[in-house]
Every structure is written in structure tokens, then in C-alpha cells.
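Undergrad: Following this message is one structure expressed as C-alpha cells.
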Amino acid sequence: MSEATVTVTGYVGTTPALHLSQNQVAWTSFRVGSTRRVRDAVTGEWRDGRTTWFTVKAFRGAARTVCESLVQGQPVVLTGRLSAEEWTDRDGRDRVNLVVDADAIGPDSTRGMTRFSKVIHESGPAPQDRTGQVEASPWETAAPDDARSLTGEDDLAADDADAAGGDVVDDLTGEAEPVAG
């Protein structure tokens, strides 16, 4: 039987938590709520429909970056394999939990500004450059200057500053960062 692949847009409903399996594999789990917008047939107005909740799981290198990148309440887009976990609760009722084993997760930049920093995952011996020197630590991120827009512009922050009135607000710290002209 083939697995169903889904793309979900929604909001992070719980704080992602980092765990370690018995086999020493890192994994994270958190909930995402996706609310469908529906149009009222009588009034013609749009309103929120029912919210569908998913448990999202990410493994290995993605587990840590997800935990350090996403916060509760943040809009996200994710894609992965959909499955259902079934169990009986304490009251004897049959329950079902929709689970997405994530292939990709990220902030929904249609709902706010984001910044990307590449993470170098360690897989085996520490990588070395051409001179034999050990490269950056496995969780070191690329410098913000390494960011490039799709239009080839070198400084995304300058465009962000124009849109935000001269400052860019860092999502992680909440602080406004002035952008040099």
C-alpha cells in the first residue's frame, strides 16, 4: 500500500519538544492546527470552519532545527507522509490521531517575514576544507550575508526594512534591527 503525502498549512499549536529514542535518534513532535475558511451561503461572508489537528513528527537532523526554529502560534507549511494512530482512551472510546512524518517544515512567509540560516548537519567525521582544516560546527549557521533573494539581490534586509519602515523585526528575539543604508 502506498503512503499518502500531504501538504498542510496551519499554525503551530504546541511548543516543539526535542526527544531522544532508545536508539539515540533525535526526534521532535508538536501539533499543528489547520482551519479551513468557508463561505456562508446566506450572508456571503467568509468565516473559520472546523480546525483539523495533526501531530507532526520530524527525525534526526530536522528534529533539532525544527525545535530551534518554530514556536507556538507561528504559521507553518509542512509536507510529509500522513498516517493515523488509533487507540482506546481511558473511558473506552476509540480515538484517532492524524500524524504527519514531516519531509519539510517551514514558516509560512505569506503570513509574515522569515529569515533562513543554513544548518550544517554532522554525518560522520567532521568535514574538512581543501586545506585540511575542520569546517564549522555541525549546528553553525551561515552568516546572514549569505542570503540571496530570487531576484539576485544581495541584501534581503534592505527590502524588508523598506517594507517595515526602516527596521526589521527579528522573529526570535522580537527586537527591531535597524538596517544600514
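Undergrad: Search segment 27-38 for residues that are in contact (Cβ under 8 Å) with a residue 40 or more places away in the chain and closer than 12 Å to T52 by Cα and pair each with any residue that is open to solvent by less than 30 Å² (accessible area, probe 1.4 Å) and polar (S, T, N, Q) when their beta-carbon atoms are under 9 Å apart and the residues are at least 6 apart or on different chains.
TA: V32/T55
Undergrad: I need the full set of residues from segment 59-91 which are charged (D, E, K, R) and surrounded by fewer than 11 Cβ atoms within 10 Å (Cβ to Cβ), in order please.
TA: First, the residues of segment 59-91 that are charged (D, E, K, R): 60, 64, 68, 81, 85-86, 89-91.
Hits for segment 59-91 are E85, E86, D89, R90, D91.
Undergrad: Can you pull out every residue in segment 113-127 that is touching a strand residue (DSSP E or B) at 6+ places or on another chain (Cβ under 9 Å) and at pLDDT 50 or above?
TA: Within segment 113-127, M113, T114, R115, F116, S117, K118, V119, I120 qualify.
Undergrad: Give the residue that is farthest from V99 (Cα to Cα), with candidates limited to residues of segment 41-58 that are open to solvent by 100 Å² or more (accessible area, probe 1.4 Å) and part of a loop (DSSP other than H, G, I, E, B).
TA: Going through the qualifying residues, I end up with V42.
Undergrad: Residue by residue through segment 1-20, note down the ones that are part of a loop (DSSP other than H, G, I, E, B) and touching a strand residue (DSSP E or B) at 6+ places or on another chain (Cβ under 6 Å).
TA: E3, G13, T14, P16
Undergrad: Hey, another quick one. Does any residue in segment 98-115 that is on the phi > 0 side of the Ramachandran plot come within less than 6 Å, Cβ to Cβ, of a residue that is of a type in the set (D, E) six or more places away or on a different chain, and which pairs are these?
TA: As it stands, the answer is none, since no pair meets every condition given.
Undergrad: Something else: What is the number of the single condition among (1) surrounded by fewer than 16 Cβ atoms within 10 Å (Cβ to Cβ); (2) at pLDDT below 90 that G33 does not meet?
TA: (2)
Undergrad: Please work out which one of (1) within 19 Å of V99 (Cα to Cα); (2) surrounded by 12 or more Cβ atoms within 10 Å (Cβ to Cβ); (3) among the polar types (S, T, N, Q) is the condition S21 fails and give its number.
TA: (2)
Undergrad: Going by the conditions given, is W27 open to solvent by 100 Å² or more (accessible area, probe 1.4 Å), in a strand (DSSP E or B) and modelled with pLDDT of 90 or more? Reasoning before the result, please.
TA: Numbers: open to solvent by 100 Å² or more (accessible area, probe 1.4 Å): no; in a strand (DSSP E or B): yes; modelled with pLDDT of 90 or more: yes.
When the stated conditions are applied, W27 does not pass them.
The values are calculated or read from the model by the stated rules, or taken from the named source; none is laboratory data. Source: prediction; values computed, not measured. Glycine also receives a Cβ, built like all others from the backbone with ideal geometry; neighbour counts cover every protein chain displayed. For accessibility, only protein heavy atoms count, side chains too; no ligands or nucleic acids. Shrake-Rupley method; radii C 1.70, N 1.55, O 1.52, S 1.80 Å.
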